[in-house]
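Below is one structure, written out as structure tokens; comments come after it.
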Amino acid sequence: MKRTPVKGRLGDFFSSLGKEVFGKDARQKRVDKQLESKKGTKYEGMTSMEAARAEKKSRKPGESKFQADSRRMGEKKKADKKANKAAAASSIKGEDFGNKNREKRTTSIPTGDGVAINIKETPAKPKTKVTGAIGSKTRKKQYDAMGLKYDDTIKGYNRDGSKKTLKEHLDNVAANYTGSDKNELEAILDAAKKEYRKK
């Protein structure tokens with residue numbers, strides 16, 4: 001049987017394809033590609049088989065590849081975080097952010113007589129956090145100790161710091177009442193009036 005030109009072309013195609021995939025040049029290209037992809041890693045210069053063996057040896061006993069990769073990733077993140085923290089600390093070293101290194105400064109103010117008055121300035125201490133519950137006496141004491149202006153978180157005061165009137169106080173109590181009994185509301189309002197007058 002004679003070969004047709006198409007069959008001949010197909011044979012040439014498959015033989016050239018085989019040479020491309022399985023020939024010496026093709027194999028060398030694959031090896032070079034593998035080596036190129038491992039540059040900069042600890043498996044640099046190894047083939048994929050050698051890298052797989054080395055990776056397997058580096059695992060802990062009974063550890064899967066996934067577990068080993070997860071552990072290594074965590075270790076790398078911790079090391080990077082530590083390095084970043086050290087770099088940040090060294091970059092701001094020596095800068096004073098007003099923590100413990102506060103110093104007293106003196107300022108001279110000239111007067112019209114030609115004599116300067118020296119005034120010692122002490123930097124303001126950082127304010128402590130207000131921890132008292134809203135509307136409690138503790139919160140009011142903390143505001144007094146810190147010299148803060150009263151606001152609506154102090155019982156009996158408006159947001160702007162002005163003292164609430166009796167009507168405002170009673171309206172606030174009535175607005176916060178959730179029940180439906182009219183007699184109970186009146187009793188609560190009477191108690192609120194007495195409490196307001198005690199202040």
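Pairs are defined by a Cβ separation below 6 Å, a sequence spacing of at least 6 or placement on different chains, a first member in the range 20-31 that is modelled with pLDDT under 80, and a second member that is exposed (fewer than 12 other Cβ atoms within 10 Å of the Cβ) and assigned to a helix (DSSP H, G or I); the pairs so defined are Ala26/Glu20.
Residues checked against (1) at pLDDT below 80; (2) part of a helix (DSSP H, G or I):
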site: Lys42; (1), (2): yes, no
site: Glu50; (1), (2): no, yes
site: Glu55; (1), (2): no, yes
site: Lys60; (1), (2): no, no
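Within 44 Å of the chain's Cα centre (by Cα) and closer than 18 Å to Lys65 by Cβ: does that describe Lys42? Yes: the conditions hold for Lys42.
In the range 160-187, the residues that are without any contact (Cβ under 8 Å) to a residue 60 or more places away in the chain reach residues that are surrounded by fewer than 10 Cβ atoms within 10 Å (Cβ to Cβ) and assigned to a helix (DSSP H, G or I) with C-beta atoms within less than 9 angstrom, at least six apart or across chains, in these pairs: Leu166/Arg197.
Would you point out which residue out of Thr178, Thr128, Thr138, Thr153 is part of a loop (DSSP other than H, G, I, E, B) and at pLDDT 85 or above? Answer to the selection: Thr153.
For the range 153-199, taking the residues that are among the polar types (S, T, N, Q) and more than 23 Å from Val130 (Cα to Cα), the one that is surrounded by the fewest Cβ atoms within 10 Å (Cβ to Cβ) is identified as Thr178.
The values are calculated or read from the model by the stated rules, or taken from the named source; none is laboratory data. This one's a predicted model, so the numbers in the text were calculated from it and none came from an experiment. Here Cβ is always computed from backbone atoms with ideal geometry, including for glycine, and neighbour counts include all displayed protein chains.
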